[in-house]
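A short worksheet on the structure shown next.
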Amino acid sequence: MDEKAYWVGFNHIKGIGAVRLTALISHFGSAEAAWRAPASQLAQAGLGSKLAERVSQLRASLDLPKIIEQIESKGIRVLTLGSEDYPQHLAEVDQPPPVLYVRGTLTYEDQWAVAIVGTRAVTAYGNQITHELATVLAGNGITVVSGLARGVDTVAHTAALKAGGRSLAILGCGVDRIYPPENRQLAEKLMAQGALVSDYAPGTPPDSVNFPPRNRIISGLSLATVVIEAGGTSGALITAGFAVEQGREVFGVPGNILALQSKGTNRLIQNGARPLLDVRDLLDVLNLTRNLERREVRKAIPSDETEAHLLGLLGGEPLHVDEIRAQSGLPIEKVSAALTMMELNGMVRHVSGMQYVAVREDRGDYFTD
């Protein structure tokens, strides 16, 4: 059975989150070894006797081959932390989700993404701003990230797709459970021009307690989070809080000081968020005006013999920089400098542990053999 199956198994056990699963894999060397370890060893690995015993009992009731078969039958991809196809920006945040379930596609270009979030009770003003912002971002090749909720989220996704851009919806339920139900058609379009993403196992129903935690994925996938309209206790403010913790930019759209939908956003600006007065402000701060140029650069051939040589050594399997140096016969400083420029130009991608893979342009996706 593939190693991913054991990650999925742990993901089905309540109480095993990012910190504990990472610790288990570190302790045992792999998810499979942790899965097969007896309760006594799980306890010694940091779970404690009570949780270790519960994990031992629950895993015995899980039919992993059947679970994986059901996931694959629904066209769902499983991404695990540390794998080459795991989103780079999300992997950089504190305690990233160990497992992601994806319906649709995640591409290299999605690393240039902006989250647009806000109230479900969007006003005409908020609707207009959201539509214009998502349209401009999509037109500049920026992926729009949101949560598929009613209101601002729905407007943002719809506008981005209508402009011919990409959009990612992060769900507070399994990716096979569309919520709200009236967004089923929108979800189908998202899978064609982006993806539905969740760290909740397929089949997980929507629940109010699921939505605040999923907001860390919305901000984690994005270079910046824009709050359009938000009341004083809006979930959009939770997303903004995660963005701050993750070291990402936060923008707020100023609103009527008498409107309930603007109280949270205006307070966000008062507390230090950048006021978004023009879409160009966002593009300039994040240097996103160069995004279309970057995409064209990716289509260019290597700029010199060194880049061409290194690109010829790389494929879909991660290769450590020391091995690249050994195979190339070039000085390490020359290899490192070239790889840095090649990553900026979209020819290679840095994965965990100073390893690199090549990026294949014709798929618009990560290089895979």
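The values are calculated or read from the model by the stated rules, or taken from the named source; none is laboratory data. As the structure is a computational prediction, the values presented were derived from the model and not from experiment. In this analysis, Cβ positions are derived from the backbone assuming ideal geometry, glycine residues included, and neighbour counts consider all displayed protein chains.
List pairs: first residue in the stretch 230-246 and in a loop (DSSP other than H, G, I, E, B), second residue basic (K, R) and modelled with pLDDT of 85 or more anywhere in the structure, Cβ distance under 7 angstrom, at least six positions apart or on different chains.
Once the first residue is in a loop (DSSP other than H, G, I, E, B) and sits in the stretch 230-246, its partners that are basic (K, R) and modelled with pLDDT of 85 or more give G231/K263; G232/K263.
Could you check, for the stretch 191-202, whether at least one of its residues is assigned by TED's automatic domain parsing to the domain that holds N266, in a loop (DSSP other than H, G, I, E, B), buried (at least 21 other Cβ atoms within 10 Å of the Cβ) and of a type in the set (S, T, Y)?
Yes, because at least one residue in the stretch 191-202 is assigned by TED's automatic domain parsing to the domain that holds N266, in a loop (DSSP other than H, G, I, E, B), buried (at least 21 other Cβ atoms within 10 Å of the Cβ) and of a type in the set (S, T, Y).
Name the residue, out of L137, L161, that is assigned by TED's automatic domain parsing to the domain that holds A240, under 20 Å from the mean Cα position of the chain (by Cα) and closer than 30 Å to Q70 by Cα.
Only one candidate qualifies: L161.
Taking L221, is it touching a His at 6+ places or on another chain (Cβ under 8 Å), in contact (Cβ under 8 Å) with a residue 24 or more places away in the chain and under 30 Å from G272 (Cα atoms)?
yes
Evaluate the stretch 159-174: report whether one residue or more is buried (at least 21 other Cβ atoms within 10 Å of the Cβ) and either β-branched (V, I, T) or free of Cβ contacts under 8 Å to residues at least 24 places away in the same chain (or both).
Within the stretch 159-174 (the criterion being buried (at least 21 other Cβ atoms within 10 Å of the Cβ) and either β-branched (V, I, T) or free of Cβ contacts under 8 Å to residues at least 24 places away in the same chain (or both)), the answer is yes, since at least one residue qualifies.
So in the stretch 19-34, with the set limited to residues that are among the hydrophobic types (A, V, I, L, M, F, W, C) and touching a Leu at 6+ places or on another chain (Cβ under 8 Å), which one is surrounded by the most Cβ atoms within 10 Å (Cβ to Cβ)?
Filtering first and then ranking leaves A34.
Before we move on, is T154 under 18 Å from the mean Cα position of the chain (by Cα) and crowded, with 19+ Cβ neighbours inside 10 Å? I'd like the intermediate steps shown before the answer.
Values: under 18 Å from the mean Cα position of the chain (by Cα): no; crowded, with 19+ Cβ neighbours inside 10 Å: yes.
Taking the combined requirement at face value, the residue does not satisfy it.
Out of the residues in the stretch 301-319 that are of a type outside the set (G, A, S) and in contact with a Phe, Trp or Tyr (Cβ under 8 Å, 6 or more places away or on another chain), which is surrounded by the most Cβ atoms within 10 Å (Cβ to Cβ)? I'd like the intermediate steps shown before the answer.
Taking the stretch 301-319 and keeping what is of a type outside the set (G, A, S), we get 301-302, 304-307, 309-311, 313-314, 317-319.
Within this subset, residues satisfying the condition of being in contact with a Phe, Trp or Tyr (Cβ under 8 Å, 6 or more places away or on another chain) are 314, 318-319.
On the way: L314: 22, P318: 19, L319: 19.
Per the stated criteria, the residue is L314.
Which of the numbered conditions does A124 fail, given that it passes all the others? Conditions: (1) in contact with a helix residue (DSSP H, G or I) (Cβ under 7 Å, 6 or more places away or on another chain); (2) small (G, A, S); (3) over 17 Å from A224 (Cα atoms).
Of everything listed in (1) in contact with a helix residue (DSSP H, G or I) (Cβ under 7 Å, 6 or more places away or on another chain); (2) small (G, A, S); (3) over 17 Å from A224 (Cα atoms), A124 misses just condition (1).
Which residues, counting only those in the stretch 114-128, are touching a residue at least 24 places away in the same chain (Cβ under 8 Å), surrounded by fewer than 23 Cβ atoms within 10 Å (Cβ to Cβ) and of a type outside the set (S, T, Y)?
Result: R120, A121, V122, N127.
Just to check your reading of the model, which residue among R177, R184 is over 22 Å from L288 (Cα atoms) and either aromatic (F, W, Y) or part of a loop (DSSP other than H, G, I, E, B) (or both)?
It is R177.
Tell me, which residue of the stretch 50-73 that is hydroxyl-bearing (S, T, Y) and exposed (fewer than 14 other Cβ atoms within 10 Å of the Cβ) is nearest to D176 (Cα to Cα)?
S73
In this structure, does I142 turn out to be more than 23 Å from I16 (Cα to Cα), surrounded by 19 or more Cβ atoms within 10 Å (Cβ to Cβ), more than 17 Å from the chain's Cα centre (by Cα) and not acidic (D, E)?
Judged against the criteria, I142 is not a match.
Determine which single condition S83 fails, assuming it passes every other condition in (1) more than 28 Å from D176 (Cβ to Cβ); (2) modelled with pLDDT under 90.
(1)
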